[in-house]
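The structure appears below as structure tokens.
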Amino acid sequence: MFFLYTIGLLLLSLFVSAAPTPITPESLKITQSQTAILEPVKFLNHFGSNIPADSNVKLEWQGGSGKGFDVYYIPQWPEQTDYYPVAIVSDTTETHITWHTPKKSDYPKGTTFIIGVNDAVTSLSSNWYDITGLMTFAH
């Protein structure tokens with residue numbers, strides 16, 4: 001009988017928990033040392049209306065966490081059904097790169113590009129990435 005009493009107390013202790021700590025305005029405050037305000041990721045380049053084929057293009061950006069960036073382009077052409085990013089560089093801590101653009105033969109006439117940079121640290125705001133508008137891939 002003592003054995004059953006011990007098991008009963010053990011099982012009861014599994015379902016009993018301490019009273020929750022009340023949330024106060026002071027407990028929700030975050031100090032400046034606990035959080036860092038990140039500058040939005042933003043291209044420094046002034047892109048024209050087209051991207052030249054088979055050329056070196058310097059891409060520069062600022063902001064972000066400094067913990068890494070992914071740089072990519074998204075090619076789009078008439079009658080294309082699926083769009084996907086193509087990596088230029090991944091997980092770089094640099095804030096500039098030189099991109100050798102694709103050859104004319106790599107994409108059909110009428111192709112456009114969007115270039116983007118993403119910070120390794122994502123958030124619910126749009127501060128963790130920057131993209132260009134549509135640019136014609138010059139043939």
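Here is how the numbers come out for the structure above:
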read-out: So I7, is it modelled with pLDDT of 55 or more and over 30 Å from G116 (Cα atoms); value: yes
read-out: So P75, is it surrounded by 13 or more Cβ atoms within 10 Å (Cβ to Cβ), touching a residue at least 60 places away in the same chain (Cβ under 8 Å) and over 17 Å from I131 (Cβ atoms); value: no
read-out: Candidate set: the stretch 120-132, residues that are touching a residue at least 60 places away in the same chain (Cβ under 8 Å) and closer than 21 Å to H46 by Cβ; chosen: the one surrounded by the fewest Cβ atoms within 10 Å (Cβ to Cβ); value: S126
read-out: Condition broken by N127, with the remaining ones in (1) in a helix (DSSP H, G or I); (2) within 19 Å of the chain's Cα centre (by Cα); (3) at pLDDT 95 or above satisfied; value: (3)
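The values are calculated or read from the model by the stated rules, or taken from the named source; none is laboratory data. All values reported here derive from a predicted model rather than from experimental measurement. For neighbour counting, all protein chains shown are included, and Cβ atoms are generated from backbone atoms with ideal geometry for every residue, glycine included.
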